[in-house]
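The values are calculated or read from the model by the stated rules, or taken from the named source; none is laboratory data. Remember, it's a predicted structure, so these values are computed and weren't measured experimentally. Positions of Cβ are generated from backbone atoms using ideal geometry, with glycine treated the same way; all protein chains shown enter the neighbour counts. Just the protein is used for accessible areas: all its heavy atoms, side chains included, with ligands, DNA and RNA removed. Shrake-Rupley method; radii C 1.70, N 1.55, O 1.52, S 1.80 Å.
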Amino acid sequence: MPLSDHLLPKCLRPCPIPATPVARAIPSCRSCCSAVWRCAGACGQSGLADWARNYGEPWRTRLGFTHPKGPSQATLHRIFAHILVNVLEAHLAQWTQQVAVALTAITADAPLVGVAMDGKTLRTSRQCGARATHLVSLCRHRLGLVFGQVAVGDKANEIAASDDLLALLMLTGVVVTGDAIFTQRAIAQTILDAGNDYLLVVKGAQPTQHEEIVTLFADPDAVVKSARETTTHSQRVECRCLHASTELTGYSEWPGLAQVLCMERQVTDRHTGEQHHERAYAVTSLPPARATAAQLLTLWREHWHIENELHYVRDVTYGEDASTVRTATAPHALAALRNLALGLLRCSGATNIAAACRHYAACPAHALSLVGLSWDNE
């Protein structure tokens, strides 16, 4: 799908920065400019300033900058520190969800669409004294598009942030997946009220629910449906077996409960033969008619795409954990723009983000096209 069908400049045209002299000196679609720089691999505020200086006046002009030397690191620092980051996140959430719908239509007979909910801390920014450095995100399984992101003080506040985060999810008919911290009755009900479903891991924080599920799957006479898969990595073989049961439906008071799940994992080291076993449990509002054991196994496994395809790439390719930015909203704003750049790259077909950044660094005109701009358009 051509990304120009859902132009970023139009989506981000409302200015997310208060009307200050600094804001008036830069283009209204400054987030698009930052996205171009991010796609080209620029990291941090100094990296963005270096890009504008090194690529020269023609490229700065095309992005809307009029200063002969482009924005300095100090100017960018002031810009990002004053961005109305909640407004920026709302516009980005709108755009990414529009793109996701265009890429994969959500219909009754389509594969289940998973949206992972998880948090990540900006470690070095936090050590430098920044506030609200724990970011909780919604990330589309497989596509890697971020559907929303909110900032909280630390991981302990993820539950409180869930309402604001889920309010950014405008789609219906998706399955929200989450780790045990989000396994709360109020969160499950909020997801259901919005016309979506959930698959949430159950641990000791929900002792009654956890005990009921453990007892059920310990019963050899329990009626279950199962699915199994095996994957081989460089040094290990991982076997997963998911069991699903409807026997607690109507018995448990959990909102919308349709099935309870047990995931058994066996990991074998190919070199030493050492084996590791573990068992995990979950609840879901998806009934057997809508989700087979095999589909639930896939949904549960793909939840961790948010770690592998979002958090890891932001840290390793864009150096997010090493960033020392700490002023006001700047850490959050930069993280939002990293999400934007990753979404643009993945929607363009990139699977290796580091290689894609090198490509767009060498071909800046291609980076412009990702945000609906062209070299010869005025």
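Quick notes on this structure:
- Scanning the stretch 232-260 for residues that are under 26 Å from the mean Cα position of the chain (by Cα) and in a loop (DSSP other than H, G, I, E, B) yields a total of 4.
- Scoring residue 1 on the criteria (1) under 19 Å from residue 144 (Cβ atoms); (2) at pLDDT 50 or above; (3) in contact with a helix residue (DSSP H, G or I) (Cβ under 7 Å, 6 or more places away or on another chain) leaves a single failure, condition (2).
- Of all residues in the stretch 65-91, those being within 11 Å of residue 333 (Cα to Cα), assigned to a loop (DSSP other than H, G, I, E, B) and open to solvent by 20 Å² or more (accessible area, probe 1.4 Å) number 1.
- At least 1 residues being at pLDDT below 95 and polar (S, T, N, Q) is the threshold, and among the helices (runs of 4 or more DSSP H) wholly inside the stretch 131-225 those reaching it are 158-167, 207-218.
- Of the helices (runs of 4 or more DSSP H) lying entirely inside the stretch 269-378, not one contains at least 3 residues that are of a type in the set (S, T, N, Q) and open to solvent by less than 10 Å² (accessible area, probe 1.4 Å).
- Of all residues in the stretch 150-192, exactly one satisfies the criterion of being in contact with a Gly (Cβ under 7 Å, 6 or more places away or on another chain), open to solvent by 30 Å² or more (accessible area, probe 1.4 Å) and closer than 21 Å to residue 209 by Cα, namely 192.
- Per this entry, residue 272 is not counted among residues that are out of contact with any Asp or Glu (no Cβ under 9 Å at 6 or more places or on another chain), over 19 Å from residue 180 (Cα atoms) and touching a residue at least 24 places away in the same chain (Cβ under 8 Å).
- Tally of residues being farther than 30 Å from residue 241 by Cβ, of a type in the set (Ser, Thr, Tyr) and out of contact with any strand residue (DSSP E or B) (no Cβ under 9 Å at 6 or more places or on another chain) across the stretch 287-344: 5
- Restricting the stretch 107-120 to residues that are exposed (fewer than 15 other Cβ atoms within 10 Å of the Cβ) and not hydrophobic (A, V, I, L, M, F, W, C), the residue that is farthest from the chain's Cα centre (by Cα): 109
- Any hit, the stretch 212-225, residues being open to solvent by less than 70 Å² (accessible area, probe 1.4 Å), closer than 22 Å to residue 174 by Cβ, under 31 Å from the mean Cα position of the chain (by Cα) and not aromatic (Phe, Trp, Tyr): no
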